[in-house]
Amino acid sequence: MARPCPTVKQTVTDKQSLLNIIIPVYNGEKTLGAQLDALNQQAYAGEWELIVVNNRSTDGTVALVHRYQAQMPHLRLVHAPDKQNKSYTRNTGAQAATGDVFLFCDADDVAAPGWLAAMAAAVREHEFVAGAIDSHTLNKTPSWRAGFDQYPFAPAMGFLPFVSSCNMAVSRRAFEQVGGFSEAYLSSHDVEISWRLQLQGYEIHYAPQAVMYRRYRNSLKGLWRQISTYTYFYPLLYRQYAAQGMPRTSRRAVWKRYLWLAKKSRLLAHKSPDVRGKWIYRAAFSWGLLRGSIRYRVLYL
């Protein structure tokens, strides 16, 4: 397996830099307010600005941001109208930013108290930081997906760890060195940039006190769409990183997954949405891999 280049000396500056929090949003009227409230209540004495990047929203997102600007003078609204793409939207926010550090989070999550101060402390010494993810506070029903118990230390897809873009900090220098988020990825873009950064020598630093409350999709349809979109880009990751050591999925694992789906298909008739969700999660996972393998002409099931 290929390993990252020798570690880059990870010091941003002796003096605390301006922090740019970048939030991409598409039709986030229902959830963005909770995130803005949480960020507005952060106790942090350093310099920071918040950039909300609107990506073709058709609901009341823009009006919501304008209302919050009256009480948050450091809140900026930037528009990303050219294409529907989270990577492009985050890159647009980074291009509009004026500071030396980018903090990426999402419009449907909520920053815990102390998040900003903890991230600021981490980025004083490290150029690539993973905050902690709390998947329970905003999700009152059992989760349909794997937790983050080993995040961000467990290798993703048997290759290298990654930092979720819902709670990621990266220096401008590192971000620009690797060219930002790859806009070929509509999803799994955080995995791809994490691998690129590590292969350039930027190690992941974990900041457990910088907690982000993550919100899951609250419908089975939303679960299907989200998971199948994630895994649709796994074959593209394999095509891009196989030469660096990303392994192909084992035939045994693929066989076991499809056999489980066949044997447990009766779960779809279960009255509990949580039980049905377990089957839908695995089916969506496999469907995304199959579609991606066809689209990118590489077998990764």
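The values are calculated or read from the model by the stated rules, or taken from the named source; none is laboratory data. No experiment lies behind these values; they were computed from the predicted model shown. Note that we place each Cβ from the backbone using ideal geometry, even for glycine, and neighbour counts take in every protein chain shown.
See the values below:
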quantity	calculated
Yes/no for Thr137 being β-branched (Val, Ile, Thr), touching a residue at least 40 places away in the same chain (Cβ under 8 Å) and in a helix (DSSP H, G or I)	no
Residue match in the stretch 205-218 (condition: modelled with pLDDT of 95 or more and assigned to a loop (DSSP other than H, G, I, E, B))	no
Filter result (touching a strand residue (DSSP E or B) at 6+ places or on another chain (Cβ under 9 Å), in contact (Cβ under 8 Å) with a residue 12 or more places away in the chain and not charged (D, E, K, R)) within the stretch 65-84	Val65, Tyr68, Met72, His74, Leu75, Leu77, Val78, His79, Ala80, Pro81
Sole residue being farther than 26 Å from Asp82 by Cα and either assigned to a loop (DSSP other than H, G, I, E, B) or not assigned by TED's automatic domain parsing to the domain that holds Ala38 (or both), chosen from Gly158, Gly131, Gly180	Gly158
Hey, Ala284 more than 30 Å from Ala184 (Cβ to Cβ), at pLDDT 95 or above and assigned to a helix (DSSP H, G or I) or not	no
Residue match in the stretch 48-57 (condition: exposed (fewer than 12 other Cβ atoms within 10 Å of the Cβ), assigned by TED's automatic domain parsing to the domain that holds Met168 and farther than 18 Å from Phe104 by Cα)	no
Qualifying residue in the stretch 252-272 (condition: of a type outside the set (D, E, K, R), in contact (Cβ under 8 Å) with a residue 40 or more places away in the chain and not in a helix (DSSP H, G or I))	no
Residues of the stretch 45-60 satisfying the condition of being charged (D, E, K, R) and either within 22 Å of Asp100 (Cα to Cα) or within 18 Å of the chain's Cα centre (by Cα) (or both)	Glu47, Glu49
Within the stretch 149-193, considering residues that are among the charged types (D, E, K, R) and in contact with a helix residue (DSSP H, G or I) (Cβ under 8 Å, 6 or more places away or on another chain), the one farthest from Tyr300 (Cα to Cα)	Arg172
Helices (runs of 4 or more DSSP H) contained in the stretch 31-108 and holding at least 2 residues of a type outside the set (Val, Ile, Thr) and closer than 20 Å to Thr229 by Cβ	86-96
